[in-house]
Amino acid sequence: MRGLVVVALLALLSACQAPPPAEMTQGEIAQIEEAVLAQANALIETQNAFDAAGVLELFSDQDMDWMNGSIHYTSYDAVAGVVEGFFEGLDEFDSGWKSLSVKVISKDAALCQGEWWGEQTRGGIVTRYDSTFFTALYELQPDGSWKITRVHQSWADPVTEG
């Protein structure tokens, strides 16, 4: 299964090299880019607010596949368990994007890639994540919102103090 996820992500990455779909206007492309960037920034805002429900609202509850380092989650419920568990016992958390870009693939799909950083404190122990590489497929939902359906994260080794 992990091989399929890697193949799918490689196909998505190669799509990033292609020109925008010919049937789309620059205005349509810009509108999708803006909507997906807003969702990616909302991910940071909800994380920093310790808002598990807000984070989960950004993910599709119908079709979900998340490769987090070497761990593969294949359902919304599995992702919800990880997100909700992350905030338990957390004293402080701050994160942001070092870089972020969106590539529109079609009228209903866009690839978002970025380099994320984060710092968390639990029980006096500070852990810094200097570089996490994030690739997410956002798909247009029936209600008109853009939600994450596929994610791959590659983590650098965190630095722990305390």
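Read-outs throughout are calculated quantities, based only on the coordinates presented, and are distinct from any laboratory measurement. Because the structure is a prediction, the values reported are computed rather than measured.
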Taking all pairs of distinct alpha-carbon atoms in the range 17-61, Kirkwood radius in angstrom: 12.2
For n ≥ 4 DSSP H runs only, could you compute -39500 (n - 2.57) per run for the chain, divide by its residues and tell me the 222 nm figure to the nearest 500? -11500 deg cm²/dmol
Here are labelled values, (i) 0.97; (ii) 1.42; (iii) 0.94, and one is the computed Rg/Rh (Cα atoms, Kirkwood Rh) for what I pasted. Which one? (i)
Span per principal axis, largest first, for the Cα atoms of the range 77-162 (Å): 48, 27, 16
